[in-house]
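Enquirer: If you scroll down you'll find the structure; I have some questions about it.
The values are calculated or read from the model by the stated rules, or taken from the named source; none is laboratory data. All values derive from a computational prediction rather than experimental measurement. Don't worry about glycine lacking a Cβ; one is built from the backbone with ideal geometry, like all the others, and counts go over all protein chains shown.
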Amino acid sequence: MTKIGIVGCHGRMGQMLVREVLSSTTARLTGGTEREGSSAVGRDLGEMVGAPALGLLVGTDPAALFASADAVIDFTAPDAVEAHAALAAANRTAYVLGTTGLNAGQEAALRKATGETAVMWAPNMSVGVTLLLSLVEQVAAVLEAETYDAEVVEMHHRHKLDSPSGTALGLGRAIAAGRGIALDQVWTKARDGQVGPRRSGEIGFATLRGGDVVGDHQVIFAADGERLELGHRASSRQVFAKGAVRAALWASRQPPGLYSMRDVLGLG
């Protein structure tokens, strides 16, 4: 049985992850943590999610959690990534990260940890989105940038903090990879006012926020006379929890390195 720990276990995603691990026949929940002052601290992890008591209490010490687990799943916040990545490296615990909006320092800390342990980092752990990323890259390689304008449209709930979403940026990178260019050389993240005509080869982003939308993503390739649209809609965060647990089981068996959900699914 693979021992899996959850940091941020009391949040919406955290509780879904706890339930998903408990339902797995090949994983065992080894613990969960929350920040000091959380109302969840000291509660039984099972009772917290409406399951029978497990005898495991929500703690505040991520160091102990990383030391006890084969893999730890993290959907918390960017400011926790550096510390968690260091703990993963020190304990050689597989680190599965779904947090987006990382700055350069946080990304550097994550990459440093890959020298000691397996790190699986994905902006979206849905199996469907992972397949979409692969399809988008293949399509972009076929449709010429000079003829087919590429746009990424995303919508999330009103509480989401980063924009564009990590998944939207991932889709933009997939387009850029298919075209053999760097995304930051051609992206346009916003348009406002008299911006002039669209640049040839530009990859544009449109961001929508509202309600309780879990995550809608659409990639549009538009040319004179036709338009190709590829998209994905998530109606439940459970798809992310399922993907994350699948990734944790997989990553716990891998050598040190940086991996993506494409690796988890065998897509390369």
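Enquirer: Restricting the first residue to region 221-244 and requiring it to be at pLDDT 95 or above, which pairs with a second residue that is part of a helix (DSSP H, G or I) and of a type in the set (D, E, K, R) meet a Cβ separation below 9 Å and a spacing of at least six or different chains?
Expert: That search, which allows pairs on different chains as well, returns Ala241/Arg19; Ala241/Glu20; Lys242/Glu20; Ala244/Glu20.
Enquirer: What's the number of the condition His10 fails, among (1) under 19 Å from the mean Cα position of the chain (by Cα); (2) farther than 19 Å from Gly98 by Cβ?
Expert: Here His10 clears every test but (2).
Enquirer: Mind checking which residues of region 187-220 are within 13 Å of Gly172 (Cβ to Cβ) and part of a strand (DSSP E or B)?
Expert: Once the filter is applied, which keeps residues that are within 13 Å of Gly172 (Cβ to Cβ) and part of a strand (DSSP E or B), region 187-220 yields Trp187, Thr188, Ile203, Gly204, Phe205, Ala206, Thr207, His217, Gln218, Val219, Ile220.
Enquirer: May I pose another question? Taking the condition in contact with a helix residue (DSSP H, G or I) (Cβ under 9 Å, 6 or more places away or on another chain), surrounded by fewer than 17 Cβ atoms within 10 Å (Cβ to Cβ) and at pLDDT below 95, does Val195 pass?
Expert: Criteria not met by Val195.
Enquirer: Just to be sure before I move on: is Ala85 among the small types (Gly, Ala, Ser), surrounded by 23 or more Cβ atoms within 10 Å (Cβ to Cβ) and touching a residue at least 60 places away in the same chain (Cβ under 8 Å) in the structure I sent?
Expert: No, not satisfied.
Enquirer: Mind listing whichever residues of region 21-47 are hydrophobic (A, V, I, L, M, F, W, C) and either more than 27 Å from Ser252 (Cα to Cα) or surrounded by fewer than 21 Cβ atoms within 10 Å (Cβ to Cβ) (or both)?
Expert: Leu22, Ala40, Val41
Enquirer: Where residues in region 258-268 are out of contact with any strand residue (DSSP E or B) (no Cβ under 6 Å at 6 or more places or on another chain) and in contact (Cβ under 8 Å) with a residue 60 or more places away in the chain, which of them is surrounded by the most Cβ atoms within 10 Å (Cβ to Cβ)?
Expert: Across region 258-268, the extreme among qualifying residues is Met261.
Enquirer: If you scan region 48-58, which residues turn out to be surrounded by fewer than 20 Cβ atoms within 10 Å (Cβ to Cβ) and under 22 Å from His84 (Cα atoms)?
Expert: Of everything in region 48-58, those that are surrounded by fewer than 20 Cβ atoms within 10 Å (Cβ to Cβ) and under 22 Å from His84 (Cα atoms) turn out to be Leu56, Leu57.
Enquirer: Any idea which of Leu133, Leu102 is in contact (Cβ under 8 Å) with a residue 24 or more places away in the chain, under 25 Å from Val213 (Cβ atoms) and buried (at least 23 other Cβ atoms within 10 Å of the Cβ)?
Expert: Sole residue among the options that is in contact (Cβ under 8 Å) with a residue 24 or more places away in the chain, under 25 Å from Val213 (Cβ atoms) and buried (at least 23 other Cβ atoms within 10 Å of the Cβ): Leu133.
Enquirer: Checking Thr100 against (1) modelled with pLDDT of 95 or more; (2) within 20 Å of Gly172 (Cα to Cα), only one condition comes out false. Which one?
Expert: (1)
Enquirer: Quick one: is Ala150 in a helix (DSSP H, G or I), crowded, with 16+ Cβ neighbours inside 10 Å and touching a residue at least 24 places away in the same chain (Cβ under 8 Å)?
Expert: Criteria not met by Ala150.
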